[in-house]
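Trainee: Here it is, the structure, as structure tokens.
The values are calculated or read from the model by the stated rules, or taken from the named source; none is laboratory data. Values in this document were obtained by computation on a predicted structure and should not be read as measured data. Note: ideal-geometry Cβ built from the backbone for every residue, glycine included; neighbour counts use all protein chains shown.
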């Protein structure tokens with residue numbers, strides 16, 4: 001991280017998924033809370049000078065009229081107003097801003113909105129989001145893909161329990177050239193279950209549902225190899241080769257909110273992570289059994305190359 005004061009502002013530089021992110025603070029706003037948020041992303045060893053993004057953060061007087069709550073998301077632009085905090089992102093230009101009422105950085109909405117702003121811009125800078133979890137074995141990201149409820153977070157939790165490092169429990173970001181799979185291994189979010197005791201773990205709303213937020217025992221930000229596992233349900237665990245075109249069709253049909261902006265780039269990202277191996281992973285009621293079967297079949301999984 002680098003801090004560079006100017007006449008009327010302060011500028012920080014971070015890297016998120018290898019993309020250089022310039023943050024400029026105006027109007028005397030205090031950057032410490034934003035620095036704390038963004039520093040957990042910082043991966044300077046992978047800094048890529050191509051396609052940097054720029055974010056301006058400014059505060060405004062609390063006696064001004066507060067904007068009405070708004071959410072507008074389009075292919076390359078994002079506008080959100082929530083509790084007086086406004087964010088706007090233009091993915092085509094790689095620029096965005098956040099405006100908040102003085103003292104509003106303490107608002108619980110602020111971290112989430114800064115996350116959304118930065119992630120939206122970085123996604124349009126060549127880090128395509130896929131609705132998947134991922135854990136790492138043998139320096140290879142095992143990507144568990146599927147719709148909500150398919151078992152992505154459950155598989156991330158089972159992989160963590162088996163000693164694998166976790167990249168993400170719900171969304172990964174794919175850099176195609178060179179291939180890198182990125183994630184933010186902050187926590188694994190699971191619904192309450194009769195079969196599992198999650199102790200006194202904190203509860204958070206994710207995807208409109210209240211879930212346990214479980215700590216990641218070991219996390220990684222990036223992997224440079226990958227295999228794809230498309231999740232299905234059945235009576236017994238099974239691992240079968242899958243045609244890449246079929247996987248693309250399944251994972252891009254009727255995308256869920258937030259994943260619909262990337263069109264053919266989503267298909268290209270799926271093809272990139274499936275190039276080394278594309279598999280249909282059938283889950284039983286026991287996710288640990290699926291992880292065990294996956295590790296047992298590992299030589300076959302990484303040895304098979306799709307046509």
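Trainee: In the set 158, 134, 145, which member is at pLDDT 95 or above, in the same structural domain as residue 225 (by TED's automatic domain parsing) and in contact with a helix residue (DSSP H, G or I) (Cβ under 6 Å, 6 or more places away or on another chain)?
Mentor: Numbers: 158 fails: at pLDDT 95 or above; 134 fails: in contact with a helix residue (DSSP H, G or I) (Cβ under 6 Å, 6 or more places away or on another chain).
Result: 145 is the single residue among 158, 134, 145 that is at pLDDT 95 or above, in the same structural domain as residue 225 (by TED's automatic domain parsing) and in contact with a helix residue (DSSP H, G or I) (Cβ under 6 Å, 6 or more places away or on another chain).
Trainee: Now a separate question. Could you tell me how many of the residues in segment 148-162 are at negative phi and assigned to a loop (DSSP other than H, G, I, E, B)? Spell out how you get there, then give the answer.
Mentor: Quick first cut of segment 148-162, residues at negative phi only: 148, 150, 152-162.
Now narrow it down to the ones that are assigned to a loop (DSSP other than H, G, I, E, B): 148, 150, 162.
Count: 3.
Trainee: Hey, does segment 167-175 have a residue that's modelled with pLDDT under 95, surrounded by fewer than 24 Cβ atoms within 10 Å (Cβ to Cβ) and in the same structural domain as residue 250 (by TED's automatic domain parsing)?
Mentor: yes
Trainee: Does residue 204 satisfy the criteria of being farther than 18 Å from residue 150 by Cα and modelled with pLDDT of 85 or more?
Mentor: Numbers: farther than 18 Å from residue 150 by Cα: yes; modelled with pLDDT of 85 or more: no.
Here the answer is no, as residue 204 does not meet what is asked.
Trainee: So if I check each of 262, 198, which one is assigned by TED's automatic domain parsing to the domain that holds residue 156, at pLDDT below 95, more than 19 Å from residue 132 (Cβ to Cβ) and surrounded by 15 or more Cβ atoms within 10 Å (Cβ to Cβ)? Talk me through it step by step, then tell me what you get.
Mentor: On the way: 262 fails: more than 19 Å from residue 132 (Cβ to Cβ).
The match here is 198.
Trainee: Filter the strands (runs of 3 or more DSSP E) completely within segment 71-115 down to those with at least 3 residues that are more than 22 Å from the chain's Cα centre (by Cα) and at pLDDT below 95.
Mentor: On the way: elements: 77-82, 85-90, 95-101.
By residue number, 95-101.
Trainee: Which one of the conditions (1) more than 21 Å from residue 278 (Cβ to Cβ); (2) within 13 Å of the chain's Cα centre (by Cα) does residue 148 fail to meet, given that it meets all the rest?
Mentor: Among (1) more than 21 Å from residue 278 (Cβ to Cβ); (2) within 13 Å of the chain's Cα centre (by Cα), the lone unmet condition for residue 148 is (2).
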